1. How many residues, within the range 36-49, are loosely packed, with under 13 Cβ neighbours inside 10 Å and under 14 Å from Leu8 (Cα atoms)?
2. Picking from Lys61, Lys19, which residue would you name as being on the phi > 0 side of the Ramachandran plot, at pLDDT 95 or above and more than 10 Å from the chain's Cα centre (by Cα)?
3. In this structure, is Glu3 of a type outside the set (Val, Ile, Thr), modelled with pLDDT under 95 and exposed (fewer than 11 other Cβ atoms within 10 Å of the Cβ)?
4. Can you name every residue in the range 6-35 that is loosely packed, with under 15 Cβ neighbours inside 10 Å and over 11 Å from Phe67 (Cα atoms)?
Amino acid sequence: MMEKSFSLVAGERLRQLIKEYYSSQEEFALDYPMDLRTVSRYVNNGITRIDTIQELAEFFKVPFITFFEST
């Protein structure tokens with residue numbers, strides 16, 4: 001079985017956090033603020049920039065490493 005890249009794992013974690021704290025990706029995009037297309041791209045295709053992951057971890061008040069733990 002092939003392991004997922006860190007970027008895809010981070011995107012999945014973002015999806016979970018959005019689902020836990022918001023009613024929709026749109027609501028998160030307004031609150032963060034981030035373009036909805038960017039949110040969708042991160043959730044579906046992963047997050048490749050470490051600084052973006054760090055910012056999201058700070059925003060959600062979760063440890064940075066959370067974005068690299070596969071569920």
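The values are calculated or read from the model by the stated rules, or taken from the named source; none is laboratory data. Because the structure is a prediction, the values reported are computed rather than measured. A quick note on method: Cβ atoms are made from the backbone with ideal geometry, for glycine too, and the neighbour counts reach across all protein chains shown.
1. Counting residues in the range 36-49 that are loosely packed, with under 13 Cβ neighbours inside 10 Å and under 14 Å from Leu8 (Cα atoms) gives 3.
2. It is Lys61.
3. Considered against the rule, which asks whether it is of a type outside the set (Val, Ile, Thr), modelled with pLDDT under 95 and exposed (fewer than 11 other Cβ atoms within 10 Å of the Cβ), Glu3 comes out as yes.
4. Correct list: Lys19, Glu20, Tyr21, Ser23, Ser24, Glu26, Glu27, Leu30, Asp31, Pro33, Asp35.
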